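Structure, as structure tokens:
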Amino acid sequence: MKYQIATVVVILASLSPVISEAKDQTTQHQRYYAAYEKIVQELNRTHENADVTLLAANQFADEDWVSPKRFQERAVKRLKPLRVQTSFEWDSERTLERTQRGNEVRIIGNFETELLEQSKRQRLSDVFSMTSLAIDDGRWTQTEFVGRPIDAGQTMVVTVSGTYAKQGILTKHHITKEFHCSSVGEIYY
């Protein structure tokens, strides 16, 4: 019986540093999170059209817990437009893609063209769909898209709206891209 009690005391004593370390980390995360809240409030107050939201603390990954100064740098960087990769489908088999380094979001468009009899040229008449996704470790959620033809249908201006979450920061974005139609119906950027 004495042996069993001694074993329990040794196990509990060995867990003490682990519990203490976890408590210290939780306290540090609480201090950081309070500082992050102030940073987000200040950014939204001082930057026109800023719409920054702090994710809940339980949605932070371990690598998201950084010093308040580093968090502020990340949040300010997120006020800039996202880097976008565009591609489109003009039939069920072919896709054209424009690739840039370091992209965060990919937008894929599917368009309809029609022949204008009077001018004997094709024009963009509709946007069937615009889909988008994050192509890095962020989380993109598309909320809507709007297509507006200009230049007598030779150009379609498309705005894709959504939210992008990464590193504990959620921002709203409206990404506008132009797609063009040649006289024979080829779509290009």
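The values are calculated or read from the model by the stated rules, or taken from the named source; none is laboratory data. Quick caveat: nothing in here was measured; it's all calculated off a predicted structure. So basically every Cβ, Gly included, is an ideal-geometry build from the backbone, and we count neighbours across all protein chains shown. The protein model used for the area step is the full one, side chains on, heavy atoms only, and it has no ligands, DNA or RNA in it. Shrake-Rupley method; radii C 1.70, N 1.55, O 1.52, S 1.80 Å.
State all residues of the range 120-135 that are open to solvent by 60 Å² or more (accessible area, probe 1.4 Å) and farther than 15 Å from VAL84 by Cβ; if no residue qualifies, say none.
The answer is LYS120, ARG123, ASP126, PHE128.
Can you tell me which residue in the range 43-57 is most open to solvent (accessible area, probe 1.4 Å), limited to those that are aliphatic (A, V, I, L, M) and under 17 Å from HIS174 (Cα atoms)?
ALA50
Please go through the range 65-86 and pick out each residue that is surrounded by 15 or more Cβ atoms within 10 Å (Cβ to Cβ) and among the polar types (S, T, N, Q).
Within the range 65-86, GLN72, GLN85, THR86 meet the criteria.
Under the condition of being among the polar types (S, T, N, Q) and part of a strand (DSSP E or B), which residue from the range 166-189 is most open to solvent (accessible area, probe 1.4 Å)?
THR176
Which ones in the range 154-165 are open to solvent by less than 20 Å² (accessible area, probe 1.4 Å), over 21 Å from ARG74 (Cβ atoms) and not hydroxyl-bearing (Ser, Thr, Tyr)?
MET156, VAL157, VAL158, VAL160 - these are the residues of the range 154-165 that are open to solvent by less than 20 Å² (accessible area, probe 1.4 Å), over 21 Å from ARG74 (Cβ atoms) and not hydroxyl-bearing (Ser, Thr, Tyr).
Considering only the range 136-153, state which residues are buried (at least 16 other Cβ atoms within 10 Å of the Cβ) and over 17 Å from LYS80 (Cα atoms).
Scanning the range 136-153 gives GLN142, PHE145, GLY147, PRO149, GLY153.
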